[in-house]
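Please read the structure below before turning to the comments.
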Number of protein chains: 2
Amino acid sequence: MSHSIDFATNNAQYASTFTQGHLPLPPSKKIIVVTCMDARVEPAGQLGIGLGEAHVIRNAGGLAKDALRSIVISQRLLGTREIAVFHHTGCGMLTFTSPEIKQLVKDAQPGNTDVAAAVDAIDFGPFSELETSVKSDVEFLKGNPLLLEGTKISGWTYDVTSGKIQQIV
Amino acid sequence: MSHSIDFATNNAQYASTFTQGHLPLPPSKKIIVVTCMDARVEPAGQLGIGLGEAHVIRNAGGLAKDALRSIVISQRLLGTREIAVFHHTGCGMLTFTSPEIKQLVKDAQPGNTDVAAAVDAIDFGPFSELETSVKSDVEFLKGNPLLLEGTKISGWTYDVTSGKIQQIV
């Protein structure tokens, strides 16, 4: 099967000069970055994260709630003590409502009640204002008893047109 | 608040030479990469993903099930037609069982029934064998009616000691 990105060729070049096979499992900086899956987001370069330094969780929007399973694993098994949440300008999450996306899926398979039930069970979590969504996610994490006590939590925006971040919380 | 990684300084340097502010929202290669949050995983470099080319979803393990919300948004709103799932050697998901991590969280707040209920509600999804977990995730996606019909799905492993990938499915 051919792929739209030639992973095998690209990776062979990467592996030919790879020298960091000794890095341990726990992130050396004890930090988690939560950010969006967006194609214009590239955390390592944009935030200066070195290999082995941070856990990076990415999902549609960079939603803290959707990252909770991963955060608990990161903290309880690997001792991370800090979480930085990044949402970005031009995010797809600003462009739809939950009823709209659910209807899109249902319309593709009309009359399929299994599909309707499965899509209705998903909390898509779109947001309408960027800084509000960042603050809301930070609040969600600050009040969450599943996190390690004393976890440092910050909230940021990333501007896809300028490449610049800004700390909000 | 100081951070264990100096995002502000690192990003100022990145933004000072940033020239890709024109990139559109949809990923140009119409592909989704699902991979682990692990600090030793760095998809852009390891797989040769250019800025703007692919959605990248990352969670503990690179679990397809946990990525489903994001995949539906990616496909229905932004037209991605291919999904590549990567799991990696030395993954934290190979090191624990669900009862173990739930007990860790409960033991930190003994007697707190809210915490116990919240952590019991999480499907942590550890796995015991790498290639099996890749195949299982590919099967999960292939049978999922929420995906666009005809989506190309592949499964891979990444070796953190050699930097090399291998296609499994």
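Some observations on this one:
- Residue in the range B:79-92 that is surrounded by fewer than 22 Cβ atoms within 10 Å (Cβ to Cβ), more than 7 Å from every other protein chain (Cβ to nearest Cβ) and not basic (Lys, Arg) present: yes
- Among the residues here, A:Ile57 qualifies as surrounded by 24 or more Cβ atoms within 10 Å (Cβ to Cβ), within 21 Å of B:Val119 (Cβ to Cβ), within 7 Å of another protein chain (Cβ to nearest Cβ) and in contact (Cβ under 8 Å) with a residue 24 or more places away in the chain.
- Considering the range A:119-155, the residues that are assigned to a helix (DSSP H, G or I) and open to solvent by 40 Å² or more (accessible area, probe 1.4 Å) include one that is nearest to the other protein chains (Cβ to nearest Cβ), namely A:Asp120.
- So B:Arg40, is it facing chain A (nearest Cβ under 7 Å) and assigned to a loop (DSSP other than H, G, I, E, B): yes
- Yes/no for A:Ile73 being closer than 19 Å to B:Cys36 by Cα and either facing another protein chain (nearest Cβ under 7 Å) or acidic (Asp, Glu) (or both): yes
- Just one residue in the set A:Asp66, A:Asp114 is out of contact with any Asp or Glu (no Cβ under 6 Å at 6 or more places or on another chain), modelled with pLDDT under 95 and at the interface with chain B (Cβ under 7 Å from one of its Cβ atoms); that residue is A:Asp114.
- Where a residue in the range B:1-14 is within 7 Å of another protein chain (Cβ to nearest Cβ) and its partner, wherever it lies, is acidic (Asp, Glu) and open to solvent by less than 60 Å² (accessible area, probe 1.4 Å), with Cβ under 6 Å and at least six apart: B:Ser4/A:Glu82
- Against the list (1) surrounded by fewer than 23 Cβ atoms within 10 Å (Cβ to Cβ); (2) under 16 Å from the mean Cα position of the chain (by Cα), the condition B:Phe96 fails is (2).
- The residues of the range A:81-95 that are in a loop (DSSP other than H, G, I, E, B) and under 16 Å from A:Gly62 (Cβ atoms), listed by number, are A:Thr89, A:Gly90, A:Cys91, A:Thr95.
- Residues of the range B:1-37 classified as part of a loop (DSSP other than H, G, I, E, B) and among the hydroxyl-bearing types (Ser, Thr, Tyr), total: 5
- Scope the range A:160-169; condition closer than 23 Å to B:Gly21 by Cβ, facing another protein chain (nearest Cβ under 10 Å) and in contact with a strand residue (DSSP E or B) (Cβ under 7 Å, 6 or more places away or on another chain); matching residues: A:Val160, A:Ile165, A:Gln166, A:Gln167
- Residue match in the range B:63-76 (condition: touching a helix residue (DSSP H, G or I) at 6+ places or on another chain (Cβ under 7 Å), touching a residue at least 40 places away in the same chain (Cβ under 8 Å), outside any helix (DSSP H, G or I) and open to solvent by less than 40 Å² (accessible area, probe 1.4 Å)): yes
- Residues (out of contact with any strand residue (DSSP E or B) (no Cβ under 6 Å at 6 or more places or on another chain) and small (Gly, Ala, Ser)) located in the range B:78-92: B:Gly79, B:Gly90, B:Gly92
- Taken as a whole, the structure places A:Val105 among residues that are facing chain B (nearest Cβ under 8 Å), open to solvent by less than 10 Å² (accessible area, probe 1.4 Å) and either under 23 Å from B:Lys30 (Cβ atoms) or at pLDDT below 95 (or both).
- Condition broken by A:Val115, with the remaining ones in (1) surrounded by fewer than 20 Cβ atoms within 10 Å (Cβ to Cβ); (2) under 28 Å from A:Glu53 (Cβ atoms) satisfied: (2)
- Scanning the range A:15-37 for residues that are of a type in the set (A, V, I, L, M) and within 7 Å of another protein chain (Cβ to nearest Cβ), we see that the one that is farthest from the chain's Cα centre (by Cα) is A:Ala15.
The values are calculated or read from the model by the stated rules, or taken from the named source; none is laboratory data. Predicted, not measured: the structure shown is a model, and the values here were computed from it. Heads up, the Cβs are rebuilt from the backbone with ideal geometry, glycines too, and the neighbour counts pull from every protein chain shown. These area figures cover heavy atoms from the full protein model, side chains too; ligands, DNA and RNA do not enter into them. Shrake-Rupley method; radii C 1.70, N 1.55, O 1.52, S 1.80 Å.
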